[in-house]
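First comes the structure, then the notes that go with it.
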Amino acid sequence: MKTSRRKFLRYGLGLTAATAFPSIWTRKSVTGYSNGDIEQRLSIGRGLEGLTKNDLATPTLVLDLDVFESNLEKMSRHAKEVSIELRPHAKTHKCIEVARRQIDAGALGVCTATISEAEALAEGGINGLLITSEMVGRDKIRRLVQMTRNHPDTMSVIDHPDHAKQLSQAAVEASLELNVLVDIDPIGRRTGVSAGKPAIDLAHYAEKLPNLKLRGIHSYSGPSSHVTGFEERRAHSRRVMAAPIETFFKLQEEGLPMEILSGGSTGTYNIDPEFEGMTELQVGSYVFMDVDYRIIGGKSGPDYDDFGQSLKVIATVISKNHDDRATIDAGFKAFATDRDFGPDIIGISGITYRFGGDEHGILQLDDPSREVKLGDRLEFVVPHCDPNVNLYDRIYCLRGEKVEEIWPVVGKYV
Ligand SMILES: Cc1ncc(COP(=O)(O)O)c(C=O)c1O
């Protein structure tokens with residue numbers, strides 16, 4: 001997809017030719033383009049030709065297309081080899097173009113965490129949506145009904161009879177059917193009904209309600225995904241997924257329409273297909289990867305490197321007055337983390353990043369493998385890709401040094 005100015009305006013970047021920078025394009029050899037400058041460039045039909053990553057204002061979010069495409073290909077090949085379907089989680093990327101490419105590579109559709117992600121992706125032509133959070137409350141139910149009217153294959157999840165009843169009533173009023181999966185919590189952590197009798201009772205209850213179409217089970221074990229060590233991760237997932245899978249088979253035996261058992265993550269993509277019963281994987285982070293995944297360990301070593309680090313933030317050294325440290329223009333507003341580590345610097349060893357505030361990051365120059373100078377543009381692997389993408393409005397997609405495309409980040413607002 002080539003990015004047009006219209007698309008930017010549609011997805012809320014909100015810059016028009018009038019508010020951008022009219023004179024800048026008449027000068028030659030200008031570098032350091034802000035998002036607004038690039039907007040202006042697109043609006044006057046200059047496209048992205050000649051634009052490189054070194055022209056982008058920092059901090060900026062970039063995607064290495066070669067690595068990204070290889071990640072897509074690898075997951076798709078794996079799914080075919082082990083005979084499992086993919087419905088990748090779009091909470092990672094919030095991006096129509098990524099979803100489209102996942103579907104082109106064979107995915108059934110994509111998952112979303114929020115109704116706004118689902119709406120934005122549906123508007124961008126994505127079908128096969130599964131909203132993996134409970135759509136509770138009048139506003140969300142109304143929007144779910146609206147989405148289903150336009151995209152009848154949309155699915156969402158239930159974990160309580162009262163919620164099932166509310167969805168059924170809304171569906172009857174709207175004269176349509178809502179597709180639902182019973183959300184089973186494998187580990188007592190977040191949403192979901194317990195496996196066994198509570199889930200079985202809920203499934204039977206939902207199946208009898210008018211205008212609800214029961215499709216199967218949703219069961220996602222977040223805690224399994226980041227267990228360190230492949231064998232430990234496998235044992236964890238096997239242990240916690242046993243009860244939801246048993247429940248799924250029991251419901252099938254009882255004659256309920258159980259066509260889908262959806263779950264899994266990037267950390268368990270090569271584990272969960274071993275479990276008989278799983279029909280589809282909700283893998284998310286594999287497209288981009290991050291520090292959080294790198295450090296969990298893979299099948300063959302201490303780094304999990306089944307998928308490449310395609311997503312990066314470029315930042316600039318804005319202060320260098322000390323031998324042992326430098327300051328960059330990327331802090332909490334550039335890197336999201338819910339863990340006790342920051343981003344990984346790429347291509348230089350002997351440097352540790354620590355957050356230095358909203359707009360600042362401190363590089364501790366312990367034993368840098370090369371000199372760090374004022375004005376240097378440095379690249380970083382993000383700590384946790386999902387919330388990191390959410391900090392930005394657009395992803396600059398690179399082929400080598402060249403900016404090849406710009407993909408808007410959508411569905412950011414509730
Ligand atoms: C419900 C659900 N499914 C799937 C995923 C994808 O997990 P990952 O990004 O670890 O592949 C997530 C991520 O948080 C999730 O919340």
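See the values below:
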{"item": "Selection within the stretch 321-351 - of a type outside the set (A, V, I, L, M, F, W, C), within 18 Å of Thr60 (Cα to Cα) and outside any loop (DSSP other than H, G, I, E, B)", "result": "Thr327, Asp344"}
{"item": "Test: residue in the stretch 373-382 that is within 20 Å of Leu311 (Cβ to Cβ), among the aliphatic types (A, V, I, L, M) and within 16 Å of the ligand (Cβ to nearest atom)", "result": "yes"}
{"item": "Single unsatisfied condition, Arg339 versus (1) at positive phi; (2) within 16 Å of the ligand (Cβ to nearest atom); (3) loosely packed, with under 15 Cβ neighbours inside 10 Å", "result": "(1)"}
{"item": "Filter pass, Pro210 being within 12 Å of the ligand (Cβ to nearest atom), surrounded by fewer than 19 Cβ atoms within 10 Å (Cβ to Cβ) and free of Cβ contacts under 8 Å to residues at least 60 places away in the same chain", "result": "no"}
{"item": "In the stretch 43-86, the residues that are of a type in the set (Gly, Ala, Ser) and in a loop (DSSP other than H, G, I, E, B)", "result": "Gly45, Gly47, Gly50, Ala57, Ser83"}
{"item": "Filtered residues of the stretch 273-295 (kept if assigned to a loop (DSSP other than H, G, I, E, B) and either under 17 Å from Asp386 (Cα atoms) or near the ligand (Cβ under 9 Å from one of its atoms) (or both))", "result": "Gln282, Val283, Gly284, Phe288, Met289, Asp290, Ile295"}
{"item": "Lone unmet requirement of (1) crowded, with 21+ Cβ neighbours inside 10 Å; (2) within 16 Å of the ligand (Cβ to nearest atom) for Pro408", "result": "(2)"}
{"item": "Check on Arg239, basic (Lys, Arg), within 13 Å of the ligand (Cβ to nearest atom) and farther than 22 Å from Ala99 by Cβ", "result": "no"}
{"item": "Residues of the stretch 217-229 satisfying the condition of being more than 15 Å from the ligand (Cβ to nearest atom) and buried (at least 16 other Cβ atoms within 10 Å of the Cβ)", "result": "none"}
{"item": "Matching entry among Lys250, Lys197 (being without any contact (Cβ under 8 Å) to a residue 12 or more places away in the chain and over 26 Å from Pro302 (Cβ atoms))", "result": "Lys197"}
{"item": "Matching option when the condition is surrounded by fewer than 22 Cβ atoms within 10 Å (Cβ to Cβ) and under 13 Å from Pro59 (Cα atoms), among Arg377, Arg354", "result": "Arg377"}
{"item": "Answer from Gly375, Gly361 - the residue that is small (Gly, Ala, Ser) and closer than 30 Å to Thr266 by Cα", "result": "Gly361"}
{"item": "Enumeration of residues in the stretch 116-162 that are touching a residue at least 60 places away in the same chain (Cβ under 8 Å), closer than 15 Å to Val414 by Cβ and within 16 Å of the ligand (Cβ to nearest atom)", "result": "Ser116, Glu117, Ala118"}
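Each value in this text was obtained by applying a stated rule to the coordinates, not by laboratory testing. The shown structure was predicted, so the numbers you read here are calculated from the model rather than taken from an experiment. Note that we place each Cβ from the backbone using ideal geometry, even for glycine, and neighbour counts take in every protein chain shown.
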